[in-house]
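A.B. asks: Take this structure first; my questions come after.
The values are calculated or read from the model by the stated rules, or taken from the named source; none is laboratory data. These figures come from a predicted structure and were not determined experimentally. Neighbour counts are summed over all protein chains in view; Cβ atoms, including those assigned to glycine, are modelled from backbone coordinates with ideal geometry. Heavy atoms of the whole protein, side chains included, go into the accessibility calculation; ligands, DNA and RNA do not. Shrake-Rupley method; radii C 1.70, N 1.55, O 1.52, S 1.80 Å.
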Amino acid sequence: MKLNIVVCVKQVPVSNNLKIDPVTKNLIRSSEPGVMNPFDKNAVEVALKLKQRYDAKVTLLSMGPSNFEITLRQGLAMGADEAILLSSRAFGGADTLATGYVLSEAIKALDDVGIVFFGRQSIDADTGQVGPIVAEFLDWPQATYISDLKPINEQVIQATRLMENMEQTIEVKLPAVFTVRSELNEPRYPTPRNIQLSYQKEIQVWDEKKLNFDKDRIGIKGSPTVVRKVWTPKKEAKVVQSLGQTPESAAQKLLVTLRANNII
């Protein structure tokens, strides 16, 4: 059997005109168009490169409403082989823990999965939690914030982690979960031919009946995170102060102001 490389992708909104459910305080995703999370494109790209290295297949996995299919089509047009959408009202309102549980159970149901990729984080929630949570549910090693990745052999991958104040290179034994940074690669653009072919590929839709989920661990019921309040930050006008009419007087006044505020 071929190695199966799974890429978990998320659809993020393209508009700032977002709506919040007044009861659950969750984002209403079904009403807004979306695109693939940018970091997830890097994850798809590295999976496609490893597909050639390992003679593998690439399976896309996403959780969300039916309109998330457009994002899976984008991944198929890039060159992925298969796509699965986990879609059901029972999954709605899930936090990162419940989302990670559902994704991990779906991964367990797939054959010959040896590598799972995530983008480093989604640009709408910015938590960076789902990839590590999935790794914990799978009980697999994980490497996050990957900026470089090199296969050593069929069982080991060398990964470079780029963090705020350090760079770390480690060897990770497969199967494993990786979250990748944009520095890793430049995602390819789908060709018109591949876009056309992507619509000939079936997207499987799995609901809570497909797998033996613990009903207490999915959706809102399985989400310990509680959003108490959502609000828009107030815009405060900035006070503009003139520093003088000439460069010399402006520089002198700037120095006085910086020293008075203990900046220099």
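A.B. asks: Cβ-Cβ under 9 Å, sequence separation 6+ or interchain: first residue in the stretch 199-220 and of a type in the set (A, V, I, L, M, F, W, C), partner open to solvent by 100 Å² or more (accessible area, probe 1.4 Å). Which pairs?
C.D. replies: 211/108
A.B. asks: For the stretch 143-174, which positions are in a strand (DSSP E or B) and of a type in the set (D, E, K, R)?
C.D. replies: 148, 150, 161, 167, 171, 173
A.B. asks: Another one. With respect to residue 123, is the statement that it is modelled with pLDDT under 95 and either in a loop (DSSP other than H, G, I, E, B) or open to solvent by 20 Å² or more (accessible area, probe 1.4 Å) (or both) true?
C.D. replies: Taking the combined requirement at face value, the residue satisfies it.
A.B. asks: Go through (1) over 30 Å from residue 125 (Cα atoms); (2) within 30 Å of the chain's Cα centre (by Cα) and name the single condition residue 250 misses.
C.D. replies: (2)
A.B. asks: If you don't mind, another one. Which of the residues spanning the stretch 211-243 are over 30 Å from residue 258 (Cβ atoms) and among the charged types (D, E, K, R)?
C.D. replies: 214, 215, 216, 217, 221, 228, 229
A.B. asks: Separate question: Identify, please: which residue in the stretch 137-171 is surrounded by fewer than 14 Cβ atoms within 10 Å (Cβ to Cβ), charged (D, E, K, R) and within 21 Å of residue 114 (Cβ to Cβ) and is, among those, modelled with the lowest pLDDT?
C.D. replies: Applying the filter and picking the extreme gives 154.
A.B. asks: Kindly indicate the residue of the stretch 35-76 that is of a type in the set (Ser, Thr, Tyr) and open to solvent by 10 Å² or more (accessible area, probe 1.4 Å) and also farthest from residue 103 (Cα to Cα) among those meeting that condition.
C.D. replies: The residue in question is 54.
A.B. asks: In the set 174, 97, 184, which member is under 19 Å from the mean Cα position of the chain (by Cα), closer than 21 Å to residue 51 by Cβ, surrounded by 15 or more Cβ atoms within 10 Å (Cβ to Cβ) and of a type outside the set (Ser, Thr, Tyr)?
C.D. replies: 184
A.B. asks: Kindly indicate whether any position in the stretch 239-257 is assigned to a loop (DSSP other than H, G, I, E, B) and touching a residue at least 24 places away in the same chain (Cβ under 8 Å).
C.D. replies: No: the stretch 239-257 contains no residue that is assigned to a loop (DSSP other than H, G, I, E, B) and touching a residue at least 24 places away in the same chain (Cβ under 8 Å).
A.B. asks: In addition: Restricting to the stretch 100-120, count the residues that are outside any strand (DSSP E or B) and either over 15 Å from the mean Cα position of the chain (by Cα) or modelled with pLDDT of 95 or more (or both).
C.D. replies: 13
A.B. asks: Taking the residues in the stretch 216-238 that are part of a loop (DSSP other than H, G, I, E, B) and basic (Lys, Arg) as candidates, determine which candidate is farthest from the chain's Cα centre (by Cα).
C.D. replies: That would be 238.
A.B. asks: Something else about it: Just one of (1) on the phi > 0 side of the Ramachandran plot; (2) open to solvent by 40 Å² or more (accessible area, probe 1.4 Å) trips up residue 128, so point out which.
C.D. replies: So the condition that residue 128 fails would be (2).
A.B. asks: Could you tell me which of the residues 207, 216 is under 29 Å from residue 94 (Cβ atoms), exposed (fewer than 13 other Cβ atoms within 10 Å of the Cβ) and not aliphatic (A, V, I, L, M)?
C.D. replies: So the residue among 207, 216 that is under 29 Å from residue 94 (Cβ atoms), exposed (fewer than 13 other Cβ atoms within 10 Å of the Cβ) and not aliphatic (A, V, I, L, M) is 216.
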